[in-house]
Structures are given as C-alpha cells and as structure tokens.
Amino acid sequence: MVEPLSRDFHLVIPSIPGYGFSGPTHERGWDVVRVARAWAELMHRLGYERYGAQGGDFGSGISTALGAVAPERVVGVHVNYLPTRPDPDAGIELSETDEARLDKVRQLMANRPPYQTLQATTPQTIGYALTDSPVGQLAWIAERFAQWTDPRSQISDDRMLTDVSLYWLTATAASSARLHREAPRRVESCPVPLGVAVFAHDITQSVRPLAERLYDIRHWSEFERGGHFAAMEVPELLAEDIRDFFLADVKHDHRATAPSSPSCAGPAGPTSVRR
C-alpha cells in the first residue's frame, strides 16, 4: 500500500494473515474481506488517512476489497492480476486477442489445477505434509515458479530458497492454503479508480471490455515481458506502472466525480503497450 504524495512513496508492505511472519492463523474466517478490514485498520493506526493499494494474486482481490471497505480513504487501487470470466450475456463484441484470452480462462475453469483443488478442499492435509518436509515445500512452490513465470525471467536460487523458507520456517503451509478455501470467489465491488497491468506470461490475461463493466478503470497497461510474479520478475516495469497510475491517473479530488454505485462503471483510462 502506498501514499501518493510525490514521485517517491511511503511503502507499507504487510503480509497476509496466515502467510510468513503474519501466521500461522488458528481460526476460520480469514477471507479477503477480513484481511482488507485488517489492513484498513493497520493503515489507520499508522496514521495514513488517504492511501492507495496495490496487489497481485490474492493481493489483487484484497486490494479491491480494501477499496470497497474503506472507499473514503483509498484513493485508488492498482493490480497486476485481474481475472475476467466469460460472460455470454454481456453483449460485448470482443477482439480475437480477447477471445483467445477467454479461451484460456475456460480451459482453466474446466481443468482446475491439482494444487488449487487440494488447497481449496483439504488445506490442513496438504499443510501437514508440506510442513513436515522442507523438500516437499520446495517442490510445491518451485513448481508454481516454473509454471507461472516468463521463461526469460531470471530468478536466482537464493531468491527462491528465501521465498520457500518464509513458508517452511514459519509453518504457514496450511494457514496460507486455507485462503483458497475461505475465499473461493473474488469481491467484484470496488468504488474507487482502478489501474491494471497485464503481463504476457501471467496465468491468465484480463479482458478489458469485461473488466470495464465491473470497475472504474483509469489506467491499463500491457507488457510483453513478465509473468505472475511481476514484482520479482520485472520490478522496474511494475514499479513504474504503479507510479504512473497514482501520479498521473488518480486525482486527489476524484471523490467528487467517482461513481457512487459499487459496480464501478466509469470512464476508461489510456492503454499502453510496453516491452
């Protein structure tokens, strides 16, 4: 989360409850809305009255939920992962690129990845297995890196081992997996401006005409490099896009013109394609 004051930002980077040093959690109910409320309280206690949020993966859903639970404080939300589901009733003409993206989504919906099925249905079972074996935890996470990153991304062994260690040493394999069970659906309600960065090698790529039906999109960027872990793979591209959104596309007085409806229908922002 960032406070957009100048070209430089104050950064508040919390870990999700149940993950790393914010876990393990020992009770049910930690879904994306509860996490968003916890982050809103965190920012309040830190003294930030107005701020922006940014996230990818579950952080994307939590950030948009934060915009919904604290719209008077959140000036905008930037995400680098925004799944868009096929909507046969939308009545929108889509480009060949958009149709190809939706075909990819349909394939994933029809063939749910095994890891996701396990974490969504039996998170405690797989959690015990991963916590018992550091090699198992390494294999579990390394497979995600292999499948979701841009093949051109150079992620060092030390970086990967650090990431894996944060799960294994804190025994958060089960509590982090439970978020898949607690939050099976995204919160599609965000009454604040949204910025979207789409990376070519992510799990899926967003379809803008469908996203615009749900969100007040002010900024949209397409990148030819980078995958699901953009902050790790192409940090310079992601950081610059976040700055562009909060400093150029989010207005400090947007509350006067932002739509009051939680459907977030609003004016489309510019599109940029970057290498």
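The values are calculated or read from the model by the stated rules, or taken from the named source; none is laboratory data. In this text the structure is predicted, and so the values were computed from the model without any measurement. Cβ coordinates were reconstructed from backbone atoms using ideal geometry, including for glycine residues, and neighbour counts include every protein chain displayed. Accessible surface is based on the protein model in full, side chains and every heavy atom, while ligands, DNA and RNA are left aside. Shrake-Rupley method; radii C 1.70, N 1.55, O 1.52, S 1.80 Å.
May I ask you to verify whether residue 120 is more than 20 Å from residue 55 (Cα to Cα), at pLDDT below 95 and out of contact with any Cys (no Cβ under 6 Å at 6 or more places or on another chain)? Taking the combined requirement at face value, the residue satisfies it. Entry remark, the range 13-54: residues being surrounded by 13 or more Cβ atoms within 10 Å (Cβ to Cβ), hydrophobic (A, V, I, L, M, F, W, C) and assigned to a loop (DSSP other than H, G, I, E, B) number 2 in total.
Going by the structure shown, is residue 115 under 25 Å from residue 26 (Cα atoms) and open to solvent by less than 70 Å² (accessible area, probe 1.4 Å)?
Numbers: under 25 Å from residue 26 (Cα atoms): yes; open to solvent by less than 70 Å² (accessible area, probe 1.4 Å): yes.
Criteria met by residue 115.
Looking across the range 55-71 at every residue that is out of contact with any strand residue (DSSP E or B) (no Cβ under 8 Å at 6 or more places or on another chain) and in contact (Cβ under 8 Å) with a residue 60 or more places away in the chain, the one that is least open to solvent (accessible area, probe 1.4 Å) is identified as 65. Of the residues that sit in the range 187-209 and are surrounded by fewer than 21 Cβ atoms within 10 Å (Cβ to Cβ) and touching a Leu at 6+ places or on another chain (Cβ under 9 Å), which one is farthest from residue 35 (Cα to Cα)? Filtering the range 187-209 for residues that are surrounded by fewer than 21 Cβ atoms within 10 Å (Cβ to Cβ) and touching a Leu at 6+ places or on another chain (Cβ under 9 Å), the one farthest from residue 35 (Cα to Cα) comes out as 209.
You will find that of 204, 170, 162, the residue that is within 21 Å of residue 146 (Cα to Cα) and more than 17 Å from the chain's Cα centre (by Cα) is 162 and no other.
With the requirement that a residue be out of contact with any His (no Cβ under 7 Å at 6 or more places or on another chain) and of a type in the set (Asp, Glu), what does the range 96-150 give you?
Those that are out of contact with any His (no Cβ under 7 Å at 6 or more places or on another chain) and of a type in the set (Asp, Glu): 96, 98, 99, 103, 132, 143.
Filtering the range 210-231 to residues that are closer than 16 Å to residue 152 by Cβ, open to solvent by less than 50 Å² (accessible area, probe 1.4 Å) and of a type outside the set (Phe, Trp, Tyr) leaves 226, 227, 228, 230.
Residues that are touching a residue at least 60 places away in the same chain (Cβ under 8 Å) and closer than 18 Å to residue 163 by Cβ: which helices (runs of 4 or more DSSP H) entirely in the range 95-143 hold 3 or more of them? Quick ask: steps written out before the conclusion?
On the way: elements: 96-110, 114-121, 123-132.
Where helices (runs of 4 or more DSSP H) fall fully within the range 95-143, none carries at least 3 residues being touching a residue at least 60 places away in the same chain (Cβ under 8 Å) and closer than 18 Å to residue 163 by Cβ.
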